[in-house]
Every structure is written in structure tokens, then in C-alpha cells.
1. Please label the shape of segment 278-435 as rounded, prolate or oblate, based on the square roots a ≥ b ≥ c of the eigenvalues of the alpha-carbon gyration tensor (a/c under 1.5 means rounded; beyond that, a/b larger than b/c means prolate, else oblate).
2. Could you calculate the contour length gain from residue 517 to residue 367, that is, 0.36 nm times the residue separation minus the distance between their Cα atoms, to one decimal place in nm?
3. Before anything else, pin down the relative contact order of segment 278-435: Cα pairs under 8 Å, at least 6 apart, normalised by residue count, whole percent.
4. Using a simple spin-label model with points 7 Å from Cα along the Cα→Cβ vector, what separation in nm is obtained for residue 489 and residue 504?
5. Using only the alpha-carbon atoms, what does segment 159-229 span along each of its principal axes? Please give whole angstrom values in decreasing order.
6. Tell me the relative contact order for the chain as a rounded percent, counting alpha carbon contacts under 8 Å between residues six or more apart.
7. So how far apart, in nm, are the two label points at residue 457 and residue 2 if each is 7 Å from Cα heading toward Cβ?
8. How long, wide and thick is segment 18-258, going by the Cα atoms along their three principal axes, in whole angstroms, largest first?
């Protein structure tokens, strides 16, 4: 048996890019992508990806080079999920909610060779590049390419090249780089861009392929799904559905903004069947009263468990919710609350409670357990005994980019340590009870409370600080800061001063929405702050409707026109580029 050979006929390295060539062959005439007035078929999408991959190589992109992109859910970002690895490179999709400092940090840490920027984000990218120019070597400045509006080009540029130019100049008969090792990196995703040492999570082709198969099978996508991109593609590569929709020959409906009107319009016009989102999108969908769907839409949700009452409300509109649990290091969802037919007989309230559990492992995850980390012994499956959730399987990350110490700490005795605390019920379904990392999940974004606290301690008037999650009617959770002031500062520093300080030094979504001043923070005997007490106190606070309903207004096209012409900084960036 051992002498049987492995050859090209019986062994092909696994990669999710293979789903695209198959889609072009099997589903060539089906609609692949819809965005505004733009529509492509799978054959056209495949040819566009080949053209882009060939152009990337002509720009001296070689194996393992990092290609970064800052863009919303648009066709270009979707295409790059195939084209970049087809050129042998690694895709780094950057969180569009980050500020210029964090984006500059990611570009520097990743040593990105190319930086694609959507036209709406040119001002933000310009600021990030200025910081990068001032902080790094000339050879590490990426070459910049703007992605203009595909329906109505604006002419906005940041450098000389534009995305559709690359597509037009590319070779539709390009032969993609042959993958020889499925352990090679396919994408690089940053769990946080908020510190001087961001954690860059590296996915393998094999892990991405297996995660994709797990989710399209377990979520029962079926043939020809119509998938609405309400989940950002920069989130764990869209929880792998960037590749999964191609695997099923479905249609990607791309929208720039997840406002209720745009989502309902897309659902009705294109007969959407599936979408993913954080629970906060439920609140957005519920904003428009009286809405009901003409046909059901499957929603896969993750993040903070949605309250049972919220699940009941959203399902009454015609959405069918499946809850999942995952994290960037697990290539997105690692557990899915797989529904059992017998639960259909239970009262709606009881069904909602079951749906809020995190569930069982995805098909291609080897194992999931809840363990006592000191002994690495699994806790009883009684729904009561708590321990740390640990995972193992091919869909777990390769490790943290350029951070062997953090990688080593993440793995123990053959398991990946999630840092989340939970229980396993007698039926094998897992439920999270707390987050040991004190992560606040706001609008699907992870906010590390320790990092916000570190910024608060930089304020000259702050003596002690603790940050916990506070309920938010729109974002699910938002930071609430409890602080004590230095002597003589009491009454001099106001809540608005602290919030303003944080907003100047952190991405706005990380800044506390509420600041509570205390004479002393509650502590245990060893001096550690009792965060559980503060969490309970924070649950009593609410955010005013005025704050909740404030919406950022996109810059008008007239305002954007100032970015049409190259500025001296762009010229410097181009000159310093190695290309």
C-alpha cells in the first residue's frame, strides 16, 4: 500500500481559486456579479480575473508578495480574491473602518507591494501614505492603484493607474501560477490594526478551501444561490463566501452600504436567497417598519449572541437565522448552530434560545472542545461547567505574520486557544458564556478593551481606567469607560473631554460612547479590577436615539473632485515605488 504513487492524476493541491475556473466552465452564462447597473457572467468574471492576475505579474508581483486593498463590497474586491492568489501573491483586505494611522501600520507591517484604493477612500489612503512615507524606507512604499466607480467613473486618482485599466490591458488567456503546496499562504487578515504590533492572520489555500466547503454544505446553500454582500469582504474574506458563491454557481449582489433601503431593494430586485451579517444588521433591517419579504432569506450571523427577542422579530419579517461562532484565526465560522427538525415543535421563545447557541463544529474542523487550560482536560458536557473553547483542524490559521511569539502562545498541546469561555451542553452544542480576552464586538468589529484602556491611561488626568461592553441598540455593543481621576482633576474633566481625546487617537468606533467617573474602581484582593461588576453596571446605560441615528454623510462628488489630480505626495509615492 505504501508504494502506491502520488501523481498529478490523483493528487492536486487544494485551493478555493479552483472554484472559479469550474464556475466559468459549468455556469459560464449565469450571472456572477451584480453591482448597480453592472452585471457579469461567470465566464466574464473568470476572464477579468485572468486579466488582472497577468497584469499583477507585469507589475513585478511575485510569489508571496502582499497585495493590499481598501474598498467596500464592490466587484473589484471580489475579483481580487481570485486574481491575487492566481498570480501567486497574498491578498490583504483592509478594514475600511480603521483610521489612517492603523492603515499605515498594516501597510508597513505587511510590506505590501501594491495598494488598491476605492475612490471613496482616497482621502483616507492619502493620509495613511503620508504617515507611511514619514515612517519607513522608500523601498517599502506600495505602488497605488485607484478603483474608480465602475458605473459612473469619477476621475479620482492617487497615482497614475486605475483598476479597469489593468483589466483592459491584461491577458484573458493568462495561465495562473501553478500551486505546488496547498500550505502556501492565500490571504493575510489583520485582527486589529490598533497597536504598534498588529496581528496578521495568515490563511493557507488548504484551510480556505476546506472552510468554504464546510459552510456551503452546512448552510445548505444549494444551487444558484443569490448572495447579498451585507457582510464586509474584509471580514475573514467574507467568511469564505467570496469563494463559496463561485463554488455553487451563485450570484454575488454587491452593495456599497448596508442601509435598510439598499438591502431591501436588492433583496426584492434580485430575489436574494442568502446573506451574512453581524446581529447589528438585524436592527438596521428592523428600522423600516411594515416590511415583509415575499420569499424567505437565509441569514448566517455571528458575533455577540443575538437576544432571543431580536431573533423573533427578524424572523417574523421572513428571514431565517442560523447562528455561528468563529474568529479570524479560524478562517471565520468554526461552529454553526445546525438546526434539528424536532426543535420545530418547541415554542418560538425556546427556539430563539436554541438559535442563540454557537452550535457544533463545521464539517472540516477536526475537533472542538471546552477545556481546563491548566490540565487540558475537557469539562463535563453538562451545560454548566465552563472552560476555554479550543479548536483544531486544517481551517485554523497558519499563524501570525512575523510574530512567532504570539503564534506559539495561540497553540497548546495540539489545540488552538480561542480565549473564549463556554460550556458544552449534553447534546454536544456549545455556548459561549464570556470572552476571556475582554473583546467588545461592535457592529461585527472586535475592539480589545485593553487597547482602549491603554489610550485612556495616556490622558494626563486619568489615574485608573477600565473598559467594558455596554449595550447599544444599533451596534450591539459599544465601549463604556469607567475611570478615576488624579487628585485635583475632579470636576475639571468632563465626559466629553475623555471621549474627544479617544476619538482623536483611536478609530472612532473604538472610542467610548459613555464615560463614568468613580472615586475608586472595584477590585479583588490582588488589586485586579472587577470587570464583571462594571459590566453589570454598564448594562443599565443606554445611548440616546440622537446618537444612534447619526449617520456619516459620504462626500459629494464635487467635494471628491479635489482628489482628481495628482498631488506632490502621490508623485513622490510613485517615484519611491520599486516598480
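What follows draws every value from the coordinates through simple rules; no lab data is involved. Bear in mind that the values here come from a model prediction, so they are computed numbers and not experimental data. Cβ placement follows ideal geometry from the backbone for every residue including glycine, while neighbour counts extend to all protein chains displayed.
1. Values: a/c = 2.50, a/b = 1.69, b/c = 1.48.
Because a/c hits 1.5 or more and a/b exceeds b/c, segment 278-435 counts as prolate.
2. On the way: separation 150, 0.36 × 150 = 54.00 nm, distance 4.49 nm.
Here the answer is 49.5 nm.
3. Values: 287 pairs, mean separation 28.1, N = 158.
Relative contact order here is 18 percent.
4. Placing both labels 7 Å along Cα→Cβ, they lie 1.4 nm apart.
5. Principal-axis extents of segment 159-229 (Cα, largest first): 44, 42, 33 Å.
6. So the answer I get is 13 percent.
7. The two pseudo-label positions are separated by 5.6 nm.
8. 50, 37, 36
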